[in-house]
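The values are calculated or read from the model by the stated rules, or taken from the named source; none is laboratory data. Quantities reported herein were computed from a predicted structural model and do not represent experimental measurements. A quick note on method: Cβ atoms are made from the backbone with ideal geometry, for glycine too, and the neighbour counts reach across all protein chains shown. The area values use the complete protein model at the heavy-atom level, side chains included, leaving out ligands, DNA and RNA. Shrake-Rupley method; radii C 1.70, N 1.55, O 1.52, S 1.80 Å.
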Amino acid sequence: MSVKEMILEYIKNEYIDEDEMDEVQLDENTPLISSGIVDSFSMVSLKRFLEKKYTISIPDEEATPQAFDTVTSIIALVNKHVAKKG
């Protein structure tokens, strides 16, 4: 499973109710925070999930609403820290 698929799956399972699933178009460019799918508390749990899954540490100053607003921006953040890890 790719990073994109994993993040999309996590967001669907954790933040979107089954009854809303048909109404929400979710892809790598869907605004997550600005659309209300992910709130500040959800962003923290998503950050922890990513850190645990990829054994990385994302500094709080990089865990901004802009960095977590789309799956594309989240992938860039994850890839940056995976690359740092070596």
Which members of the range 42-81 meet the condition of being part of a helix (DSSP H, G or I) and open to solvent by 70 Å² or more (accessible area, probe 1.4 Å)? Arg48, Lys52, Lys53, Asp60, Glu61, Asn79, Lys80
List the residue pairs whose Cβ atoms are under 6 Å apart, where the first residue sits in the range 57-70 and is among the polar types (S, T, N, Q), the second is open to solvent by 40 Å² or more (accessible area, probe 1.4 Å), and the two are 6 or more positions apart or on different chains. Thr70/Asn29
Every pair of residues 6+ apart whose Cβ atoms lie under 7 Å, when the first sits in the range 74-86 and is touching a residue at least 12 places away in the same chain (Cβ under 8 Å) while the second is assigned to a helix (DSSP H, G or I) and among the acidic types (Asp, Glu): Leu77/Glu62
Residue pairs qualifying under the 6 Å Cβ cut-off, at least six apart or on distinct chains, with the first in the range 25-37 being under 16 Å from Met6 (Cβ atoms) and the second being modelled with pLDDT of 95 or more and surrounded by 12 or more Cβ atoms within 10 Å (Cβ to Cβ), are Glu28/Lys4; Glu28/Val71; Glu28/Thr72; Leu32/Asp69
